1. Tell me whether region 212-255 comes out rounded, prolate or oblate; compute the Cα gyration tensor, take square roots of the eigenvalues as a ≥ b ≥ c, and use a/c under 1.5 as the rounded threshold.
2. To check you understand DSSP bridge types, tell me what percent of the beta bridges within region 113-255 (both residues inside) are antiparallel, rounded to 5.
3. Given springs between every Cα pair under 10 Å in a Gaussian network model of the chain, which of TYR77, TYR241, TYR120 has the largest fluctuation?
4. Restricting to DSSP H runs of at least four residues, report the calculated mean residue ellipticity at 222 nm for the chain, -39500 (n - 2.57) per run over all residues, nearest 500 deg cm²/dmol.
5. As an exercise, use a Förster radius of 45 Å and the Cβ-Cβ distance of ASP81 and THR213 to find the FRET efficiency, rounded to the nearest 0.05.
6. Could you tell me which of rounded, prolate or oblate describes the chain, using a ≥ b ≥ c as the square roots of the eigenvalues of the alpha-carbon gyration tensor, with rounded for a/c under 1.5 and, failing that, prolate when a/b is larger than b/c and oblate otherwise?
7. Using modelled amide H (1.01 Å from N, peptide plane; none on Pro or chain starts), what sits under 5 Å from the amide H of PHE147, excluding residues fewer than 5 places away?
8. Highest first, please rank the peptides 185-191, 121-127, 81-87 by the mean number of other Cβ atoms sitting within 10 Å of their residues.
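Each value in this text was obtained by applying a stated rule to the coordinates, not by laboratory testing. These numbers were taken from a predicted model, which means no experiment stands behind them. Glycine also receives a Cβ, built like all others from the backbone with ideal geometry; neighbour counts cover every protein chain displayed.
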Amino acid sequence: MSKTQQAAIDDMVAGLATEQSPDWSLRQRLALGCRILGMQGHGSGLSGQFTARGPEPETMWTLPYGLGFEQVKASDYMLVDRDLKVIEGKGMPNMANRFHIHVYRVRPDVQSIVHTHPPYSSALSMIGEPLKVSHMDTTMFYEDVAFLPTWPGVPFGDEEGEIISEAIGDKNAILLAHHGQLCACGTVEEAAIMAMFFEKAARLQLLAMSAGTIQDLEPEHARAAHDYRLKPEPLGATFHYYARRALRADPDCLG
């Protein structure tokens, strides 16, 4: 990357950092993340999971089973323990959320996890192809996405949690064979935007594979783009854009 390019990026980041961010609570940001992903085709009925680390070890915020992303309100979120017993809130948690606890346990840097079964990511997971990053819009995944080539079954037990948490390693994302995508990130905003762009990356890959051979990115440029895309300021600006759209559709989701 040239000095001119780096200076332009630094100026842009500085400008984004001066914008006033809404004072949303953790549960409000989770609800907005769900609404954003619901609008982007990640709902898949009741298969979507968007969680956040809880205030105490081995706890997390999760949704009651039976709610789709497009229905979620901030007040729906429940605090559960490692056995998915409800500490705060009402409802029955999705037993498939158990493997999130395993990821939180081995990755202290992870504060929020999104796991969904959107159509293009699911289709890519069916053909045994890892995610291929070859477009500037998807460089947040460059050298930062793992692949689990076998399906360990529905992730209800501890074994599946151990397999998935080991397979993702130190990456921010993973494609799960015959299953879907997972993003494990440092903030709710990052998890939401990465999950959204995971589906875009999968769609682009399938379209490109149908037309020809996907070409590799130049590593130096790709790594620089990866680092920029994952800065809090661009992630926050992107999240706020989609959050505004979600709030226009249903402002009550913050309730």
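1. Here region 212-255 falls in the oblate category.
2. Here the antiparallel bridges make up roughly 65 percent for region 113-255.
3. TYR241
4. It lands at -14000 deg cm²/dmol.
5. That gives a FRET efficiency of 0.35.
6. Cα axes put the chain in the oblate bin.
7. Answer set, sorted by chain and number: LEU175.
8. Descending packing order for the listed peptides: 185-191, 121-127, 81-87.
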